[in-house]
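This report concerns only the one structure given below.
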Amino acid sequence: MYENLLRPILFKLPPEKAQSFADFFLKRKLIWEVYHSFQKTSDPRLQISYTNDQNLPSPLGFAAGYDKDCEFLTSLLLLGFGYVIGGTIVNSPRYGNEKPRIARNIKEEALINALGFPSKGKSYVTDFLEKYQKDLSKRQNLGKIMLSISGLDHEDLLSCHSDIQPYASFLEINISSPNTSNIKIFQEQDNLAKLLNSLNKQKSLFLKLPPYTTNEEKTLVFSLIKTAISCGIDGFTIANTKPISDDRLAVGKGGMSGKPLLTQTIQMVKEIRSEFGFDFIINACGGISNAYDLLSVLYAGANTGQLLTAFIYRGPNIANNINNTLVKLIEKTGSKNITELVQQYSNLDKL
């Protein structure tokens with residue numbers, strides 16, 4: 001119904017207006033309570049061990065960048081995601097870049113955004129997060145909340161981390177948005193080491209890295225990984241949106257997300273595992289839109305896969321559809337669980 005009826009209507013609107021319309025319904029939690037009660041959104045065979053002895057009900061995550069102010073995280077969890085990421089959260093309210101700042105490439109199922117961290121600020125966000133803590137304490141069967149944070153300088157990010165950390169199961173630091181130039185100071189090894197060593201880390205911490213397409217970019221990303229590992233990072237999100245020029249955007253450039261990125265995501269995960277081993281977690285982000293895409297990044301070496309753009313193109317059933325397809329494949333292959341299914345991935349086309 002979504003792809004054939006609702007999406008054509010929404011896509012007649014500018015992207016941000018369409019999202020505001022969708023957000024109106026996502027804020028109505030009762031709708032998704034009812035949805036959850038009628039859908040099989042989880043299966044014990046999809047459960048994975050993640051970090052600090054915490055398990056996730058599914059290896060499918062909802063990426064940062066949609067629910068920027070953490071206004072409907074519970075609704076997203078009710079859709080069947082193993083974890084959802086709120087944010088990116090910043091200290092003070094920000095308008096972000098000038099509009100228009102999102103463009104669609106519909107045939108490719110891609111988006112180009114130049115949002116620039118629009119946010120109502122951490123004080124606004126923490127009011128919602130306090131409610132989630134009470135709400136989710138009663139819902140042990142749902143996924144986890146990860147919170148994405150960023151800052152424009154060292155003290156800014158430290159303050160945000162300190163205030164947001166109590167509300168998250170895990171934290172992700174975004175140092176790689178192509179639309180916010182100031183945060184690139186943390187792509188210098190000394191600045192990154194200073195930041196990570198200054199954090200009072202009580203929750204598992206992930207670093208969201210930029211993508212790479214050239215040897216120079218690859219060298220930079222590998223140097224950041226090496227530095228972060230030496231500072232005790234728990235893992236990485238591979239990767240942020242791909243920088244691209246687009247004259248439909250007011251600032252003339254942005255970051256691409258969606259289906260065209262999958263091959264690049266798989267390659268990056270493989271190369272990072274080959275270079276650095278398996279002593280940290282990788283959350284693969286970029287191009288995932290179905291169960292086979294998710295399996296492809298897990299087979300490449302990721303622990304989880306995240307999506308966001310596919311949610312906009314495929315609708316709220318996407319997590320449930322992916323989870324159900326994974327369960328069917330587990331049964332078809334005679335696997336016991338998702339871990340065994342991933343090992344069978346290369347043989348799936350022969351079944």
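The values are calculated or read from the model by the stated rules, or taken from the named source; none is laboratory data. Predicted model only: the values in this text are computed from it and were never measured. Counting neighbours? That spans all protein chains shown, and the Cβs are built from the backbone with ideal geometry, glycine included.
Hey, can you tell me all the residues within the stretch 50-68 that are touching a residue at least 12 places away in the same chain (Cβ under 8 Å) and among the charged types (D, E, K, R)?
Passing the criteria: ASP67, LYS68.
So SER177 fits all but one of (1) under 19 Å from LYS68 (Cα atoms); (2) of a type in the set (Ser, Thr, Tyr); (3) in a helix (DSSP H, G or I); what number is the exception?
So SER177 meets the others, but not (3).
Every residue, every condition in (1) at pLDDT 95 or above; (2) over 18 Å from GLY143 (Cα atoms); (3) surrounded by 22 or more Cβ atoms within 10 Å (Cβ to Cβ), yes or no:
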site: SER289; (1), (2), (3): yes, yes, no
site: ASP293; (1), (2), (3): yes, yes, no
site: VAL297; (1), (2), (3): yes, yes, yes
site: GLY301; (1), (2), (3): yes, yes, no
site: GLN306; (1), (2), (3): yes, no, yes
site: ILE318; (1), (2), (3): yes, no, yes
site: ILE322; (1), (2), (3): yes, no, yes
site: SER346; (1), (2), (3): no, yes, no
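Note down all Cβ pairs under 6 Å where the first residue falls in the stretch 205-233 and is under 17 Å from ILE244 (Cα atoms) and at pLDDT 95 or above, the second is part of a strand (DSSP E or B) and charged (D, E, K, R), and they're at least six residues apart or on different chains.
PRO211/LYS242
Can you tell which of LEU56, LEU46, LEU79 is at pLDDT 95 or above, in contact with a His (Cβ under 9 Å, 6 or more places away or on another chain) and either of a type outside the set (Lys, Arg) or closer than 22 Å to ILE238 by Cα (or both)? Working first, answer last.
Details: LEU56 fails: in contact with a His (Cβ under 9 Å, 6 or more places away or on another chain); LEU46 fails: in contact with a His (Cβ under 9 Å, 6 or more places away or on another chain).
Step by step, each of LEU56, LEU46, LEU79 is checked, and only LEU79 is at pLDDT 95 or above, in contact with a His (Cβ under 9 Å, 6 or more places away or on another chain) and either of a type outside the set (Lys, Arg) or closer than 22 Å to ILE238 by Cα (or both).
What tally of residues in the stretch 297-312 results from selecting those that are touching a residue at least 60 places away in the same chain (Cβ under 8 Å) and either under 25 Å from GLN54 (Cα atoms) or touching a Ser or Thr at 6+ places or on another chain (Cβ under 7 Å) (or both)? Give the steps one after another, and end with the answer.
Residues of the stretch 297-312 that are touching a residue at least 60 places away in the same chain (Cβ under 8 Å), as a first pass: 298, 302-312.
If we keep only those that are either under 25 Å from GLN54 (Cα atoms) or touching a Ser or Thr at 6+ places or on another chain (Cβ under 7 Å) (or both) as well, we get 298, 302-310.
Number of matching residues: 10.
Among what's in the stretch 133-168 and is of a type in the set (A, V, I, L, M, F, W, C) and assigned to a helix (DSSP H, G or I), pick the residue that is nearest to PRO93 (Cα to Cα). First the steps, then the outcome.
Looking only at the stretch 133-168, we keep the residues that are of a type in the set (A, V, I, L, M, F, W, C), and these are 136, 142, 145-147, 149, 152, 157-158, 160, 164, 168.
Adding the requirement that they be assigned to a helix (DSSP H, G or I) leaves 136, 157-158, 160, 164.
Numbers: LEU136: 26, LEU157: 14, LEU158: 17, CYS160: 12, ILE164: 15 Å.
For the stretch 133-168, the residue satisfying everything is CYS160.
ALA63 passes all but one of (1) closer than 28 Å to ARG248 by Cβ; (2) surrounded by fewer than 22 Cβ atoms within 10 Å (Cβ to Cβ); (3) among the aliphatic types (A, V, I, L, M); which number fails?
(2)
Quick check: anything in the stretch 12-28 surrounded by fewer than 17 Cβ atoms within 10 Å (Cβ to Cβ), outside any helix (DSSP H, G or I) and within 21 Å of the chain's Cα centre (by Cα)?
Scanning the stretch 12-28 turns up at least one residue that is surrounded by fewer than 17 Cβ atoms within 10 Å (Cβ to Cβ), outside any helix (DSSP H, G or I) and within 21 Å of the chain's Cα centre (by Cα).
Do you know which residues across the stretch 226-255 are part of a helix (DSSP H, G or I) and either exposed (fewer than 14 other Cβ atoms within 10 Å of the Cβ) or in contact with a Phe, Trp or Tyr (Cβ under 6 Å, 6 or more places away or on another chain) (or both)? Quick ask: steps written out before the conclusion?
In the first step, residues of the stretch 226-255 are kept if they are part of a helix (DSSP H, G or I); the result is 226-230.
Of everything in the stretch 226-255, those that are part of a helix (DSSP H, G or I) and either exposed (fewer than 14 other Cβ atoms within 10 Å of the Cβ) or in contact with a Phe, Trp or Tyr (Cβ under 6 Å, 6 or more places away or on another chain) (or both) turn out to be LYS226, SER230.
Do we find that LEU73 is under 17 Å from the mean Cα position of the chain (by Cα), under 21 Å from PHE24 (Cα atoms) and of a type outside the set (Phe, Trp, Tyr) in this structure?
Numbers: under 17 Å from the mean Cα position of the chain (by Cα): yes; under 21 Å from PHE24 (Cα atoms): yes; of a type outside the set (Phe, Trp, Tyr): yes.
Taking the combined requirement at face value, the residue satisfies it.
Please enumerate the residues belonging to the stretch 281-297 that are assigned to a helix (DSSP H, G or I) and closer than 18 Å to PRO211 by Cβ.
Looking only at the stretch 281-297, we keep the residues that are assigned to a helix (DSSP H, G or I), and these are 291-297.
The answer is ASP293, SER296, VAL297.
Pairs please, first residue from the stretch 184-196 and among the β-branched types (Val, Ile, Thr), second anywhere and in a helix (DSSP H, G or I), Cβ atoms under 7 Å, 6+ apart in sequence or on different chains.
Qualifying pairs under 7 Å: ILE185/ASN191.
Give all pairs with beta carbons closer than 6 Å in which a residue from the stretch 256-271 that is at pLDDT 95 or above meets a residue that is surrounded by fewer than 22 Cβ atoms within 10 Å (Cβ to Cβ) and of a type in the set (S, T, N, Q); count only pairs at least 6 apart in sequence or on separate chains.
Listed by first residue and then by second, the contacts come to LYS259/SER289.
In the stretch 115-132, how many residues are within 14 Å of THR88 (Cβ to Cβ) and either in contact with a Leu (Cβ under 7 Å, 6 or more places away or on another chain) or loosely packed, with under 14 Cβ neighbours inside 10 Å (or both)?
Residues meeting the conditions: 0.
Restricting the stretch 75-114 to residues that are surrounded by fewer than 23 Cβ atoms within 10 Å (Cβ to Cβ) and polar (S, T, N, Q), which is farthest from TYR167 (Cα to Cα)?
Once the filter is applied, the top-ranked residue is ASN105.
Considering only the stretch 34-54, I want to know if a residue exists there that is more than 18 Å from ILE318 (Cα to Cα), charged (D, E, K, R) and assigned to a helix (DSSP H, G or I).
yes
Output the residues belonging to the stretch 180-209 that are basic (Lys, Arg), within 20 Å of the chain's Cα centre (by Cα) and not in a helix (DSSP H, G or I). Break it down into steps so the answer makes sense when it comes.
Residues of the stretch 180-209 that are basic (Lys, Arg), as a first pass: 184, 194, 201, 203, 208.
Still in the running and within 20 Å of the chain's Cα centre (by Cα): 184, 203, 208.
Of everything in the stretch 180-209, those that are basic (Lys, Arg), within 20 Å of the chain's Cα centre (by Cα) and not in a helix (DSSP H, G or I) turn out to be LYS203, LYS208.
In this structure, does ALA291 turn out to be free of Cβ contacts under 8 Å to residues at least 40 places away in the same chain and under 17 Å from the mean Cα position of the chain (by Cα)? Reasoning before the result, please.
Working: free of Cβ contacts under 8 Å to residues at least 40 places away in the same chain: yes; under 17 Å from the mean Cα position of the chain (by Cα): yes.
Considered against the rule, which asks whether it is free of Cβ contacts under 8 Å to residues at least 40 places away in the same chain and under 17 Å from the mean Cα position of the chain (by Cα), ALA291 comes out as yes.
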